[in-house]
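Read-outs: derived from the displayed coordinates by stated rules, not from any lab. Quick caveat: nothing in here was measured; it's all calculated off a predicted structure. Here the Cβ positions follow ideal geometry from the backbone for every residue, glycine too, while neighbour counts run over all protein chains shown.
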Amino acid sequence: MIKLLTSPWMTALVSVAAYLGATVAFWKTPTPPPPSTLTAGAAREKQSGPSWNFTSPEADQLIAELKTEKKALGKKEQELNDLMARLDAERSELNLVTQSVRQLQMDFDQNVLRISEEETANLKKLAKVYAAMEPANAAKVFEEMDDTSIIKIMVFMKDMETAAIWEAMAKKGQPEAKRAALLSDRLRLASFRNNTAK
C-alpha cells in the first residue's frame with residue numbers, strides 16, 4: 001500500500017480531488033452591482049447601437065466649451081471687421097483732406113509768386129536794365145513776356161520805376177491797362193519783395 005500511496009498517479013489524483021473540494025467550498029456566485037453604481041465603462045458596455053449615438057459628459061463639456069469659444073471668436077471677428085471698416089472710412093477721409101490741402105497749396109502757389117535764391121542775382125540785373133530803359137520801351141518788351149517773368153523782375157524794381165512802366169502800359173489801351181492791373185495784384189502777392197526798393 002505504501003507503494004501505491006507514493007506513486008505519481010496517486011499524487012495527481014489527490015491533488016485534483018483537493019482542488020475540486022476547495023473550489024466547491026469557496027465558490028460564490030457574483031451578484032451584479034445595483035444600477036446606480038455602474039461605472040462609465042459599464043454604462044458604455046450596456047448601450048447598444050452605433051458608436052456615434054453614445055454620449056459622454058466629458059465630450060459634452062468639450063463641445064460646450066468649443067461652442068463658447070466659437071461665439072467669442074465670432075464676436076472678435078465682428079469687432080475687427082467693424083474696426084477695419086472704421087479705419088477705411090477714416091483713411092478715405094484723410095485722403096480727401098490731403099487732396100484738398102494739395103489743391104489749396106496748388107491754388108496758393110499759382111496766386112503767390114515765389115522767387116528762388118538762384119534766380120535773385122539774374123533778376124536784379126534784369127530789373128536794373130529795365131529800370132534804365134524808357135518806360136514806354138520797357139512796356140513794349142513786357143508785352144511779349146509772360147506775367148510770371150514780369151512779376152519776378154518788378155519785385156526788384158523801385159516803386160517809381162514800376163509805376164512808370166505800368167503807366168506806359170495803360171496808355172496803350174484797355175487790354176494792356178487790364179493786364180497792368182492784374183500784374184499789380186500779383187506783385188502784391190509775391191513772396192519775395194525787395195525791402196530796399198523804395
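Overview of values
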quantity: Theoretical gain in end-to-end length, residue 29 to residue 104 [0.36 nm per residue, Cα-Cα removed]; calculated: 16.7 nm
quantity: Enclosed volume per residue, in Å³, of the convex hull spanned by Cα atoms of region 55-111; calculated: 40 Å³
quantity: Selection of GluC sites (Glu not before Pro), region 86-178, meeting DSSP coil and at most 14 other Cβ within 10 Å; calculated: 144
quantity: Neighbour-limited loop hits for trypsin sites (Lys or Arg not before Pro), region 114-146 (at most 16 other Cβ within 10 Å; DSSP other than H, G, I, E, B); calculated: 114
quantity: Dipole magnitude of region 117-188 about its Cα centre (Cβ charges: Lys, Arg +1; Asp, Glu -1), debye to nearest 20; calculated: 180 debye
quantity: Radius, Kirkwood style, for region 117-188 when every pair of distinct Cα atoms is counted (Å); calculated: 12.0 Å
quantity: Hypothetical label at residue 117: residues of region 156-192 whose amide nitrogen lies under 18 Å (7 Å Cα-Cβ projection); calculated: 191-192
quantity: Extension gain, residue 146 back to residue 133 (0.36 nm per residue minus Cα-Cα distance, nm); calculated: 2.8 nm
